[in-house]
Amino acid sequence: MQEIFNKYINYLEVERNASPYTVRNYTTDLLGFFQFLRDKRIGSLKEVDRHTLRDYLSQLMEEGFVKASIARKLSAIRSFYRYLLREEIISTSPVATTSSPKLDRRLPSFLSIEEINRLLEAPDLSTPQGLRDRALLELLYASGLRVSELVSLNLEQVNLDTNEIRVWGKGSKERMVLMGEPAAKALTDYLNQGRPGLLGKKGSSALLLNRYGKRIIERRVQRILEKYTNIAGIGKRVYPHMLRHTFATHLLDGGADLRVVQELLGHASLSSTQIYTHVSKSQARKVYLSAHPMAQESKTNDTSGRE
């Protein structure tokens, strides 16, 4: 099994061009599954059937794993068995008849306009790191980038003449994302005044650099967010993907078309974007008062003094 596993990981990295994050998660999830098989004294992948998988899922639930984690582990196993079928190592997949646990549909967390403004204003623009951090935060909010997309950006992907960024997202799919003037200005200031100080005498095509002149990594982005969340006095945990949620929510609250937001986010399916169609209570009230005929009549009556 070890040899097959190594070939599969190589397939993910080379042929599928999976992100390091995906490879890491699949590796962890599959190693956990293999340990379960060893504990059950199952020595061959051909011995695994749907009952084996159900036992594994039951064990995960007993160990306290949440539905989302179980679904992710099953997704990794499903991908692995698709590879085994493709390589003709097995003839049938036990995962084909095993369904993922039904996930609870939760609305994504996002920041209010007032909170995002405080966050964006938090960096100290007198330092190269502060200029970088302002550009980083502006890009996450203005463009809806995934953090993996953000840290992988190179200089040549950014066009400040058109305020566009060429991005390679999940599955190496290319898309163009936009940025507004505040983000473009923050990025221009960083490139002119901040990046040279971080780069020093080194050479790098990476857009966002750490203090050593190397490409910034995802963990560092999370720490940057934690730092400015505290400075801005935002009383909640803020993570990179929350700014992507905020980007989509604010666009839709502002009247953007759902399919346009889908394109900007790089979602393959419209259903992935529809979770953002919730609106704030204030926005819902505003739309109701301006659109519903009885609400308009009530507003007019209130103005004339009628009960």
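Test K67 against the criterion of being touching a Phe, Trp or Tyr at 6+ places or on another chain (Cβ under 8 Å) and not aromatic (F, W, Y), and give yes or no. Considered against the rule, which asks whether it is touching a Phe, Trp or Tyr at 6+ places or on another chain (Cβ under 8 Å) and not aromatic (F, W, Y), K67 comes out as no.
Yes/no per residue for (1) assigned to a strand (DSSP E or B); (2) surrounded by 19 or more Cβ atoms within 10 Å (Cβ to Cβ); (3) assigned by TED's automatic domain parsing to the domain that holds R146:
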position	(1), (2), (3)
I165	yes, yes, yes
Y190	no, yes, yes
R195	no, yes, yes
Y212	no, no, yes
R223	no, no, yes
Y228	no, yes, yes
R237	no, no, yes
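For residues in segment 159-182 being hydrophobic (A, V, I, L, M, F, W, C) and over 22 Å from V14 (Cα atoms), which is farthest from the chain's Cα centre (by Cα)? Ranking the qualifying residues of segment 159-182, first place goes to L160.
Return the only residue of A135, A122, A142 being in contact (Cβ under 8 Å) with a residue 12 or more places away in the chain, among the small types (G, A, S) and part of a loop (DSSP other than H, G, I, E, B). Don't jump to the end; show me each part of the working.
Numbers: A135 fails: part of a loop (DSSP other than H, G, I, E, B); A142 fails: part of a loop (DSSP other than H, G, I, E, B).
Of the residues listed, the single one that is in contact (Cβ under 8 Å) with a residue 12 or more places away in the chain, among the small types (G, A, S) and part of a loop (DSSP other than H, G, I, E, B) is A122.
Does S69 satisfy the criteria of being within 21 Å of R38 (Cα to Cα) and in the same structural domain as K7 (by TED's automatic domain parsing)? Before the answer, list the steps.
Numbers: within 21 Å of R38 (Cα to Cα): no; in the same structural domain as K7 (by TED's automatic domain parsing): yes.
Against the criterion (within 21 Å of R38 (Cα to Cα) and in the same structural domain as K7 (by TED's automatic domain parsing)), S69 does not qualify.
Residues in segment 240-249 include none that are loosely packed, with under 15 Cβ neighbours inside 10 Å, in the same structural domain as V167 (by TED's automatic domain parsing) and either at pLDDT 90 or above or assigned to a loop (DSSP other than H, G, I, E, B) (or both). Would you say L37 is surrounded by 13 or more Cβ atoms within 10 Å (Cβ to Cβ) and not aromatic (F, W, Y)? In short, yes. Do you know which residues across segment 18-34 are more than 14 Å from F5 (Cβ to Cβ) and surrounded by 14 or more Cβ atoms within 10 Å (Cβ to Cβ)? Listed by number, the residues that qualify are A18, S19, T22, N25.
The values are calculated or read from the model by the stated rules, or taken from the named source; none is laboratory data. In this text, all values refer to a predicted model and were calculated from it rather than measured experimentally. Cβ atoms come from the backbone with ideal geometry, glycine included; neighbour counts cover every protein chain shown.
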